[in-house]
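What follows is a short report on a single structure.
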Amino acid sequence: MSIKTTFNYSPNFDPNKRAKKKIKFLILHYTGMKNENSAINRLTNIQSEVGTHYFIKKSGEIILMVPDLYVAWHAGASQWKNYKSINYNSIGIEISNTGHKHGYKSFTKKQIRSIKKLSLFLIKKYKINNRYILGHSDIAPERKKDPGEKFPWKTLAKKNIGIWHSEKKNRLIKLRKKMLDNNENIRFVKNLKKIGYQSKKILLKEEKKFKKLLISAFQRRFRPELVNGIADKECLLISQSLIKIQF
């Protein structure tokens, strides 16, 4: 299996090659800029200090910007489980989309086809586990929203790209907006940690704000119909389903 790409190299990567076995993650982003050309220019401008391995245009065209075995600067400060600074262990894919600041739109059908094809190619080549196929907001919930609630995680999971819960829609809707008691709230936060979301120690005065951002990141990924940063019984059930997944 091969992937057809065009080339537009970015200078924003570490010059030392890494071993193939170091690649554990696939991180998906949206560009979050008003137009596609501006996004490409930023990712290939040395002054921006932001890069990526692959860029997927609205047309579905895949651009290789940094070869896989180099560390591209796409994730920034980040964490998943015990991994920190995810750049060192990941391949980044930027997808052309205006994002939340500029009229967030659905991803095109051609983009989704290219995401599937490229992801399956990389998963096979580097033996990437499904639980390590993540969005930028999963690994940096306090800073990022991408690829956002319109990203087709459920559709991709059907192709073994990432994970999804097994709960039925009818059961989940009945639990939506039903508040958690204190014990359930504690259990939900523990479930987030088990799934992989960061559990860093933060200043007490910042804890409430961080928790809301963390819950929002979870919802964007696994409950995109309602992203409000408030954990409810639907979120709890989804989290319980996810931690039961055997890897």
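The values are calculated or read from the model by the stated rules, or taken from the named source; none is laboratory data. Values in this document were obtained by computation on a predicted structure and should not be read as measured data. Methodologically, a virtual Cβ is constructed for each residue, glycine included, from the backbone with ideal geometry; neighbour enumeration extends over all protein chains shown.
Tell me which residues, restricted to region 163-179, are outside any helix (DSSP H, G or I) and in contact (Cβ under 8 Å) with a residue 40 or more places away in the chain. Talk me through it step by step, then tell me what you get.
The initial filter retains those residues of region 163-179 that are outside any helix (DSSP H, G or I), namely 163-168, 176-179.
Residues satisfying the conditions are Ile163, Trp164, His165, Ser166, Glu167, Arg176, Lys177, Lys178, Met179.
Kindly evaluate Ser114 against the criterion of being at pLDDT 95 or above and either surrounded by 19 or more Cβ atoms within 10 Å (Cβ to Cβ) or under 15 Å from the mean Cα position of the chain (by Cα) (or both). Explain how you work it out, then say what you get.
On the way: at pLDDT 95 or above: yes; either surrounded by 19 or more Cβ atoms within 10 Å (Cβ to Cβ) or under 15 Å from the mean Cα position of the chain (by Cα) (or both): yes.
It is true that Ser114 is at pLDDT 95 or above and either surrounded by 19 or more Cβ atoms within 10 Å (Cβ to Cβ) or under 15 Å from the mean Cα position of the chain (by Cα) (or both).
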**Q.** The listed residue being among the charged types (D, E, K, R) and closer than 20 Å to His100 by Cα, out of Lys208, Lys178, Lys150
**A.** Lys150
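For region 3-59, enumerate the residues that are among the basic types (Lys, Arg) and either farther than 24 Å from Ser106 by Cα or touching a residue at least 24 places away in the same chain (Cβ under 8 Å) (or both). Break it down stepwise before answering.
Within region 3-59, the subset among the basic types (Lys, Arg) is 4, 17-18, 20-22, 24, 34, 42, 57-58.
Once the filter is applied, which keeps residues that are among the basic types (Lys, Arg) and either farther than 24 Å from Ser106 by Cα or touching a residue at least 24 places away in the same chain (Cβ under 8 Å) (or both), region 3-59 yields Lys4, Lys17, Arg18, Lys20, Lys21, Lys22, Lys24, Lys34, Lys57, Lys58.
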**Q.** region 109-124 residues that are farther than 29 Å from Lys21 by Cβ, paired with ones that are basic (Lys, Arg) and crowded, with 18+ Cβ neighbours inside 10 Å (beta carbon under 7 Å, 6 or more apart)
**A.** none
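Among the residues of region 1-22 satisfying the criterion of being hydrophobic (A, V, I, L, M, F, W, C) and not in a loop (DSSP other than H, G, I, E, B), which is surrounded by the most Cβ atoms within 10 Å (Cβ to Cβ)?
Step one: filter region 1-22 for residues hydrophobic (A, V, I, L, M, F, W, C), giving 1, 3, 7, 13, 19.
Those still in the list that are not in a loop (DSSP other than H, G, I, E, B) too: 7, 13.
Working: Phe7: 8, Phe13: 19.
Per the stated criteria, the residue is Phe13.
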Q: Quick one: which residue in Phe222, Phe188 is aromatic (Phe, Trp, Tyr), surrounded by 13 or more Cβ atoms within 10 Å (Cβ to Cβ) and free of Cβ contacts under 8 Å to residues at least 60 places away in the same chain?
A: Phe188
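Each row is one residue, and each column tells you yes or no for (1) assigned by TED's automatic domain parsing to the domain that holds His100; (2) surrounded by 21 or more Cβ atoms within 10 Å (Cβ to Cβ); (3) over 20 Å from the mean Cα position of the chain (by Cα).
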site	(1), (2), (3)
Ser137	yes, yes, no
Asp146	yes, yes, no
Gly162	no, yes, no
Asp181	no, no, yes
Leu192	no, yes, no
